Structures are given as C-alpha cells and as structure tokens.
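One structure is given below, encoded as structure tokens.
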Amino acid sequence: MKPILALLVPFSIVTWAQTPVSEANQIRFNKGVHNFGFLQLGVPASCSFTITNNGKKKVEIEKTWAGCGCTTPKISRNTIAPGQQAQLSVTYNAGAEEVFLKEIYLKLKGSDNIYVLRVKGQVLNKKEYQQKFPSKS
C-alpha cells in the first residue's frame, strides 16, 4: 500500500500546481465601491473604475448595465489585452433626495459570471448642500 500512496501524492501536487488561472483572477478592479459622499440634487456626478486584465488571454466585455435608469455605465474599450486596462465610467444623475447604493454590472463574453460594482452617497437638496458646503456654492 505504501508504494501506491507514494506515487499518488506527487501526482496530486503536480496536478494542483498546473491548475489554470481561474477567471476570477483574470480581471481585477481598482475598487468595488465608489463613495460620492454628498451630492447636490440635480447635479450629476461621475466616477471611474479601472479594470485590469491580469490573465494571459484577452478578455472581451460583452455587456455593462446598471440596476436602474439613474445610473449610466460606459466602458472605454470592449476588449482588454493581457496586462492592459479599461475604464468603466459611471454617472449618477442625483435626481432624488436620498441615500443611495446603486449597482453596476459587467459580463465577460463566454462567461456566466457577472461582476457587480457599486456607487453610493447621499443627495441633498440645494439649500442643505449649500449649508453643508458653503465654499462650493
């Protein structure tokens, strides 16, 4: 029994070491959530997420979308070569006085995984915003 076990252990280590890089490790985001902080009602705000391809093959972004119409994502390029980056800009329209947490989705071609990014903050009416930030008025 010992000779068989001695043969199986090295084989399992070699098999494990040769596991390909998973898709989850292929692309990275510089952040998962962007906090806008306080926004003024009716004044849209934008931010950007950086997507890096850490894999050995190009990735193609099939689709980006938001959970509601108040948030608009736009990708700088649909194909990202290994070692390259793309920017996902997100604009929130600040159309309602609210504390918000909005989701943005990204899907790669040929994958069932959906990546979720978020933007958050609080929209104040003009008077409250000016009281909180008098120098920005």
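The values are calculated or read from the model by the stated rules, or taken from the named source; none is laboratory data. Quick caveat, the model's predicted, so the values are computed rather than measured. In this analysis, Cβ positions are derived from the backbone assuming ideal geometry, glycine residues included, and neighbour counts consider all displayed protein chains. Accessible surface areas use protein heavy atoms only, side chains included; no ligands, DNA or RNA. Shrake-Rupley method; radii C 1.70, N 1.55, O 1.52, S 1.80 Å.
If we scan segment 27-46, do we find a residue that is at pLDDT 95 or above, surrounded by 12 or more Cβ atoms within 10 Å (Cβ to Cβ), farther than 30 Å from Lys132 by Cβ and in contact with a helix residue (DSSP H, G or I) (Cβ under 7 Å, 6 or more places away or on another chain)?
Within segment 27-46 (the criterion being at pLDDT 95 or above, surrounded by 12 or more Cβ atoms within 10 Å (Cβ to Cβ), farther than 30 Å from Lys132 by Cβ and in contact with a helix residue (DSSP H, G or I) (Cβ under 7 Å, 6 or more places away or on another chain)), the answer is no, since none of the residues qualifies.
For segment 95-109, which positions are over 21 Å from the mean Cα position of the chain (by Cα) and free of Cβ contacts under 8 Å to residues at least 40 places away in the same chain?
At the first step, the residues of segment 95-109 found to be over 21 Å from the mean Cα position of the chain (by Cα) are 95-98.
The answer is Glu98, and nothing else.
Can you tell me which residues in segment 61-82 are in contact with a Leu (Cβ under 7 Å, 6 or more places away or on another chain) and open to solvent by 70 Å² or more (accessible area, probe 1.4 Å)?
In the first step, residues of segment 61-82 are kept if they are in contact with a Leu (Cβ under 7 Å, 6 or more places away or on another chain); the result is 61-62, 64, 73, 75.
Glu62, the sole residue that qualifies.
Does segment 83-137 hold any residues that are open to solvent by less than 80 Å² (accessible area, probe 1.4 Å), under 14 Å from Val59 (Cβ atoms) and modelled with pLDDT of 95 or more, and which are they?
Selection gives Gly83, Ala86, Leu88, Leu106, Lys107, Leu108, Tyr115.
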